[in-house]
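The values are calculated or read from the model by the stated rules, or taken from the named source; none is laboratory data. Source: prediction; values computed, not measured. Reconstructed Cβ throughout: ideal geometry from the backbone, glycine too, with neighbour counts over all protein chains shown. Surface areas here come from the heavy atoms of the whole protein model, side chains and all, with no ligands, DNA or RNA. Shrake-Rupley method; radii C 1.70, N 1.55, O 1.52, S 1.80 Å.
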Amino acid sequence: MNCFKKLEDKKWLVLGVVSMIIVSAFVLIRMFSANKIIVEESTTITTNSTLRENIEKNVISTDEMYVDIKGAVINPGIYQVTGNMRVLNVVELAGGFLSNADDKRVNLSERVSDQMVIYIPKEGEVLDDIPMLQSNGKDKQDSSKSDLINLNTATIDELKTLNGIGEKKAESIIKYREEKGLFKTIEDLTNVDGIGEKTFESLKSSIIV
């Protein structure tokens, strides 16, 4: 009888231990599941936030920009552009220059902007009343610069209006522009044959690039 009583007591002890193990395992499983849900929710929130930021960046970077190109190009008109394009790229969109286009009078390396107007002149065309490049519907040069001579677009006659510049020096400036490319600064004018520091000093307040 004592043996049976001892076995009976141990049975309940064993059952109690097993029950505690089961309960503990259940609690651990619930805790693990809860933590997993929290981690997944946190990951989802982070992913959604990143996706939203990327969408917003794409919206900003894809804002539409348009320019109007006129003059001596094959297909003048309005073209959609991006902020990293240059005037030359717009000319290419318009089919290229006409055979009589005077492309040396246009800054083809200039970066485009929204609502810019690009005018490509013909050879020998007088541009006194035609804005070369306009941005946002306004003349790019303010009134204080309207009378300045642009070394990159000026004709021989316009260059001859400068102090100390005659026919020969004006031709040298045009030749330099054709062979070396556009002037990057007004100081580059001193690289032209026949134009020294003295001449440059006398006319630097009258020129731009």
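Go through segment 75-92 and give me each residue that's under 14 Å from the mean Cα position of the chain (by Cα) and not in a strand (DSSP E or B). Passing the criteria: Thr82, Gly83, Asn84, Met85, Val87, Asn89. Number of residues in segment 165-174 that are of a type in the set (Lys, Arg) and surrounded by fewer than 17 Cβ atoms within 10 Å (Cβ to Cβ) equals 1. Only one of these is surrounded by 15 or more Cβ atoms within 10 Å (Cβ to Cβ), at pLDDT 90 or above and in a loop (DSSP other than H, G, I, E, B): Leu162, Leu108, Leu127. Name it. The unique qualifying residue is Leu108. Checked against (1) touching a residue at least 40 places away in the same chain (Cβ under 8 Å); (2) buried (at least 17 other Cβ atoms within 10 Å of the Cβ); (3) touching a strand residue (DSSP E or B) at 6+ places or on another chain (Cβ under 9 Å), Ser206 meets all criteria but (2).
Going through (1) in a loop (DSSP other than H, G, I, E, B); (2) within 24 Å of Glu110 (Cβ to Cβ); (3) open to solvent by less than 50 Å² (accessible area, probe 1.4 Å) one by one, Arg177 falls short only on (1). If you filter segment 50-74 down to residues that are part of a loop (DSSP other than H, G, I, E, B) and open to solvent by 80 Å² or more (accessible area, probe 1.4 Å), you find that the one that is modelled with the lowest pLDDT is Thr62. Scanning segment 85-101 for any residue that is on the phi > 0 side of the Ramachandran plot and open to solvent by 30 Å² or more (accessible area, probe 1.4 Å) turns up at least one such residue.
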